[in-house]
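To keep things clear, I will list the structure first and then write my remarks on it.
The values are calculated or read from the model by the stated rules, or taken from the named source; none is laboratory data. Computed from a prediction, not measured in an experiment: that's the story for all the values here. Ideal geometry is used to build each Cβ from the backbone, glycine not excepted, and the neighbour counts take in all protein chains shown.
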2 protein chains.
Amino acid sequence: MTFLIDETHDAALRSWIESANGHLDFPIQNLPLGIFSSPDGRPRPGVAIGDFILDLQKIANLLPAVAARTLDGSTLNALFALPATERRALRHVLSRLLSRTEYSATIEPALLATVDCVMHPPAAIGDYTDFYVGIHHATNIGKQFRPDNPLLPNYKHIPIGYHGRASSIRVSGIDVVRPKGQRKSADEESPSYGPSRRLDYELELGVWIGRGNLLGEPISIAEAPEHIVGLCLLNDWSARDLQAWEYQPLGPFLAKNFHTTVSPWVITAEALAPYRIAQPRRAPGDPDPLPYLLDSEDQARGALAIDLEVSLTTAHMRASGLDPHRLSTGSASNMYWTIAQMVTHHSSNGCDLQPGDLLGTGTISAPDPGGYGSLMELSRGGAMPIALPGDETRTFLEDGDEIILTARAMAPGRVALGFGHAKARILPSRAS
Amino acid sequence: MTFLIDETHDAALRSWIESANGHLDFPIQNLPLGIFSSPDGRPRPGVAIGDFILDLQKIANLLPAVAARTLDGSTLNALFALPATERRALRHVLSRLLSRTEYSATIEPALLATVDCVMHPPAAIGDYTDFYVGIHHATNIGKQFRPDNPLLPNYKHIPIGYHGRASSIRVSGIDVVRPKGQRKSADEESPSYGPSRRLDYELELGVWIGRGNLLGEPISIAEAPEHIVGLCLLNDWSARDLQAWEYQPLGPFLAKNFHTTVSPWVITAEALAPYRIAQPRRAPGDPDPLPYLLDSEDQARGALAIDLEVSLTTAHMRASGLDPHRLSTGSASNMYWTIAQMVTHHSSNGCDLQPGDLLGTGTISAPDPGGYGSLMELSRGGAMPIALPGDETRTFLEDGDEIILTARAMAPGRVALGFGHAKARILPSRAS
C-alpha cells in the first residue's frame with residue numbers, strides 16, 4: 001500500500017497537453033506540487049505538467065474536497081498535513097483531468113506557461129535537518145578532516161544528522177552572496193574575518209515531511225513512509241574554510257547557514273513508487289541496523305533509483321557561449337540509510353516533526369571521482385584543480401559561478417521523472 | 001540610547017497594584033511581556049505586574065498606536081519586529097498606567113489573577129540556535145569529553161554555536177518525556193536503543209530576537225542591541241549518553257532536540273538597562289576579539305548582572321513535604337561572549353535572523369562547583385553522587401524529578417527584577 005504502483009504510473013499514459021509527452025522533467029506520470037505566482041497573482045499551489053503549471057485554486061471544485069480545502073493559501077503545509085491517502089486521491093484526479101481529452105476545455109483556462117511564472121518555497125519550513133547518509137562523501141571528507149579516522153565508529157549504527165537553518169533556505173534561481181567569516185589556515189597564527197576563500201556546493205536530496213508526530217511519540221520505521229510527502233534537490237552551500245575553523249566541538253554552523261538552495265517542485269512519494277529499489281547490501285561485516293531502524297519493506301524498497309547530476313557555468317563560459325560543464329553524475333542509491341530510517345531516527349527520541357519540515361540527505365557521492373558530490377572531494381581539498389572548458393580551472397567556487405543540480409528517477413519499463421533543477425549563482429561578498 | 005536608564009527604572013517607583021511592590025519577580029520596574037490565556041479566552045499578549053497579568057488587548061486604545069496594532073494576535077512576533085524605540089514607548093505608557101492611581105479604575109477590569117491563567121510561548125520561533133559561551137561549562141565538559149583539550153583553539157576567537165530544534169521548545173510547566181535513543185558505554189561492544197540513562201538539565205539564558213536582517217546583510221556589533229528584545233530562562237535538557245555516542249562529527253542532535261523548556265515572560269532589554277555591566281576582563285594572554293566582534297559600548301556595558309539558580313525536587317521530596325533543594329547558584333557574568341557578540345557573529349556570514357528567533361547562551365557555570373550549571377559537572381560525569389534531603393542521591397535525573405530555574409537581575413540602588421521560572425518534571429519513557 002505504501003509504495004503503491006497503479007495506472008497513474010503507466011508508461012503508456014499520455015496527456016492532452018502535448019509538451020508533457022516526452023517531457024524531460026514533468027510528464028503526466030510525475031505531477032509534482034509547488035507554489036508559483038504569475039504576474040497577476042499572489043503565490044498559490046500548482047502542478048507542473050509539461051511546459052505549463054496548472055493553477056489548483058482555479059480548479060478546486062474538480063478536486064477531492066479534503067485536499068481542495070487545503071489549497072487556498074500560499075504554502076502547501078496544510079496539504080502536507082493530510083494523511084497520505086488524501087494526497088493519493090488528489091494525484092488520481094489530476095492524472096484523469098490531464099490525460100482525458102474531454103477535460104481539456106475545462107482545464108485549459110487554469111494553465112499558465114511556466115516561463116511566465118515565478119516559483120516560491122513549497123512550504124513554510126519549520127525546522128530543517130541535514131543528514132550525512134552519503135557514505136562515500138562521509139568517507140572522502142572524513143579522510144581530509146581526520147585522515148586516520150574517516151568513518152567514525154557510530155556511522156554504521158546511526159543515521160548521523162544535525163540541525164540546519166530554516167530561515168536561509170531559498171528556491172532555485174536566487175543568487176548566493178559569498179559569506180564572510182572567520183577562517184584560519186594551518187599556516188596562519190590567528191584567524192581573520194573576510195570573504196570565504198573555499199566556497200563549495202553539496203549535492204543532496206531534500207525530503208519534505210508530511211504529517212507530523214506528537215512530542216514524545218516516535219514514528220516507527222513501518223509508519224515512516226506515511227510521513228514523507230516527497231523529494232526535491234538541495235544544494236547545501238558550504239564555506240570549507242569557515243567550517244574547518246568553527247566546527248569543533250558542536251558541528252557546522254556559519255559554514256552552512258548563509259544560504260541553502262532547493263528545487264521548487266515536490267516530487268511526490270506517490271510519483272516515486274515505481275522507482276523504489278532494495279537498500280544496497282551493506283558491506284560484509286557491517287552491523288545490522290538496530291531493530292527500531294529495521295523493516296523488511298524498507299529493506300526491500302526503501303532506496304531510490306534516482307540519477308543525480310551537477311553542472312557548472314562560469315561568467316567566462318557564459319560570455320563565450322560555452323555549455324554548462326558537467327562536474328559529476330551519481331546515484332541516490334549511494335545513501336547508506338534510507339529516508340524512512342532518517343525520519344524514524346529523527347523522531348526516535350520523541351522529537352516532533354511537523355508538516356513542511358525539510359530534511360537533507362547530506363552530500364551524495366558515488367564511489368568513483370566522476371560521482372563526487374562537492375568540490376572539496378573533486379579537487380581533493382583544493383589540491384587538484386579541475387579543468388573547465390575555455391581554459392579555466394577551479395578548486396573552489398569563484399564569484400559569477402553558477403551551480404546547477406538536476407535529477408531523474410529511472411526504472412525499467414517506466415517513463416523517467418525529472419526533478420527540475422536547483423541552480424544559483426555566486427555574488428561577491430557585500431562591502432561592509 | 002541603547003541601554004537608556006530612565007524614570008521607569010526608578011527604585012522609588014510604586015504601582016497602585018499592591019502585590020507588585022516588593023514582588024520578587026514582577027515589580028513595576030520589570031513589565032515583562034508574554035502570551036497568556038484565561039479560561040474564557042484564547043492566547044493573547046499580556047504584561048506581568050505583581051500577582052496579575054494585564055490584558056493588553058483590553059487596553060489597546062490606551063497604548064501607543066504602532067505597538068497596539070501588533071497586539072491583536074496570539075504571538076508577539078509582530079511586536080518584536082518593531083524598532084526598539086516603539087517597544088520603549090510601550091514601556092513608558094505601561095509604567096505610567098500602572099503607577100498613577102488615576103488610571104486604576106480604567107485598568108483594573110483588564111487585570112487577571114496570574115494563578116487563573118495559562119502561559120504560552122511568547123513567539124512563534126522560526127529558528128533556535130544554542131551557543132556555548134559559558135566558559136567554565138565549556139572547560140568542565142571539555143575535560144570529560146577531551147581530557148587533553150578541554151577548550152579548543154577556536155573558543156576564544158569564536159562565539160561557538162550550533163542550530164537547535166525549534167519545534168520541541170515548550171514553556172515552563174510542560175512535562176518532559178524521558179527520551180529513548182542509541183547509547184553505547186565504553187565497556188559495551190555495540191550500541192542499544194532504550195531510555196536515556198544519563199538525563200541532565202542545562203542552565204541557560206534565552207535571547208529573543210527582535211528586528212531581523214536581510215539575507216546577506218550582517219548585523220554590526222554596534223547595531224546588535226537594537227535586534228535583541230529580551231531574555232528568558234532556558235533549560236537545554238540533555239541526554240548525555242545519547243550525546244556521547246552521536247555527537248561526532250556533526251555535533252549534538254537527538255541528545256538535545258527532544259525538549260527545551262523556556263520561562264514564558266520576556267524580560268525586556270529595556271527593563272534590563274540598569275543591570276548592564278562591563279564584560280569581565282579576559283584572562284591575561286587571551287586574544288582580542290576580531291574587530292567585527294569588538295565595540296567599546298559592548299565592552300563597557302554588554303554583560304549582565306543576573307544571578308541564576310537551579311533547584312531540584314524529587315517525587316520522594318514532594319511526598320515528604322521537603323523544600324526544593326538548591327543545586328547551584330551562579331552569575332550570568334560568567335559568559336565569555338556578550339549577547340551582542342552572539343547576534344553579530346550569527347549574522348556575520350549573512351545568515352538572516354528573524355523576529356521571534358531564539359538564541360540560547362549555552363550552559364552558564366560559575367568557576368566553583370557551587371555554581372556548576374548541569375549534573376554532568378556537579379556529579380563529575382556521574383562519578384560523584386549528589387546528596388539530597390530525605391536520604392536520596394542523584395548523579396543524573398530520575399523519573400519524577402523536577403528542575404526549577406530562576407534568575408534575578410541585581411544592581412546597587414535598584415529594585416531586583418525576577419525572571420519567573422522555567423520548571424518541568426521528568427516523565428518515564430513511553431512504552432513502544
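Some points to look at:
- Qualifying strands (runs of 3 or more DSSP E) (wholly inside the range B:341-431; at least 1 residues being more than 30 Å from B:LYS156 (Cβ to Cβ) and not polar (S, T, N, Q)): B:386-388, B:392-394, B:402-409, B:417-427
- The condition of being modelled with pLDDT of 95 or more and crowded, with 23+ Cβ neighbours inside 10 Å holds for only one of A:TRP208, A:TRP245, that being A:TRP208.
- Test: residue in the range B:331-353 that is free of Cβ contacts under 8 Å to residues at least 60 places away in the same chain, surrounded by fewer than 19 Cβ atoms within 10 Å (Cβ to Cβ) and out of contact with any strand residue (DSSP E or B) (no Cβ under 9 Å at 6 or more places or on another chain): no
- Here B:ILE267 meets each of (1) of a type in the set (A, V, I, L, M); (2) touching a Phe, Trp or Tyr at 6+ places or on another chain (Cβ under 8 Å); (3) under 30 Å from A:GLY161 (Cβ atoms); (4) away from every other protein chain (no Cβ under 11 Å) with one exception, condition (3).
- The number of residues in the range B:99-108 being touching a Leu at 6+ places or on another chain (Cβ under 8 Å) and either surrounded by fewer than 16 Cβ atoms within 10 Å (Cβ to Cβ) or farther than 13 Å from B:GLU7 by Cβ (or both) comes to 3.
- The set of residues in the range A:154-165 that are farther than 17 Å from A:PRO249 by Cα and either without any contact (Cβ under 8 Å) to a residue 40 or more places away in the chain or among the aliphatic types (A, V, I, L, M) (or both) contains only A:ILE158.
- Every residue from the range A:206-254 that is part of a loop (DSSP other than H, G, I, E, B) and of a type in the set (Ser, Thr, Tyr): A:SER220, A:TYR247
- Checked against the criterion of being of a type in the set (Lys, Arg), closer than 25 Å to B:SER220 by Cα and modelled with pLDDT of 95 or more, the range B:266-282 contains one or more residues that satisfy it.
- Here B:GLN299 does not fit the description of being assigned to a loop (DSSP other than H, G, I, E, B) and among the polar types (S, T, N, Q).
- Selection within the range B:212-238 - facing another protein chain (nearest Cβ under 8 Å) and of a type in the set (A, V, I, L, M): B:LEU215
- Any hit, the range B:239-262, residues being within 14 Å of another protein chain (Cβ to nearest Cβ), among the hydrophobic types (A, V, I, L, M, F, W, C) and touching a Phe, Trp or Tyr at 6+ places or on another chain (Cβ under 6 Å): yes
- Failed criterion for A:ASP288 (all others in (1) within 27 Å of A:TYR372 (Cβ to Cβ); (2) within 14 Å of chain B (Cβ to nearest Cβ); (3) surrounded by fewer than 19 Cβ atoms within 10 Å (Cβ to Cβ) hold): (1)
- Qualifying residue in the range B:417-428 (condition: more than 17 Å from the chain's Cα centre (by Cα), more than 11 Å from B:THR314 (Cβ to Cβ) and not aromatic (Phe, Trp, Tyr)): yes
- Considering B:SER296, B:SER320, the condition of being of a type in the set (Ser, Thr, Tyr) and over 28 Å from B:ASP25 (Cα atoms) is satisfied by B:SER296 alone.
- Which numbered condition B:GLY126 fails, given (1) more than 23 Å from B:ARG282 (Cβ to Cβ); (2) small (Gly, Ala, Ser); (3) surrounded by fewer than 21 Cβ atoms within 10 Å (Cβ to Cβ): (3)
- Scanning the range B:170-200 for residues that are more than 7 Å from chain A (Cβ to nearest Cβ), buried (at least 22 other Cβ atoms within 10 Å of the Cβ) and not basic (Lys, Arg) returns B:VAL176, B:SER196, B:LEU199, B:ASP200.
- Any hit, the range A:256-275, residues being farther than 26 Å from A:PHE3 by Cβ and either of a type in the set (Lys, Arg) or surrounded by fewer than 24 Cβ atoms within 10 Å (Cβ to Cβ) (or both): yes
- Per the conditions (1) within 29 Å of A:HIS120 (Cα to Cα); (2) assigned to a helix (DSSP H, G or I), the sole criterion not satisfied by A:PRO264 is (2).
- Looking only at the range B:375-409, residues that are surrounded by 22 or more Cβ atoms within 10 Å (Cβ to Cβ), of a type in the set (A, V, I, L, M) and farther than 20 Å from B:VAL171 by Cα come to 4 in all.
- In the range B:128-167, the residues that are within 7 Å of chain A (Cβ to nearest Cβ) and within 15 Å of the chain's Cα centre (by Cα): B:TYR132, B:GLY164, B:ALA166
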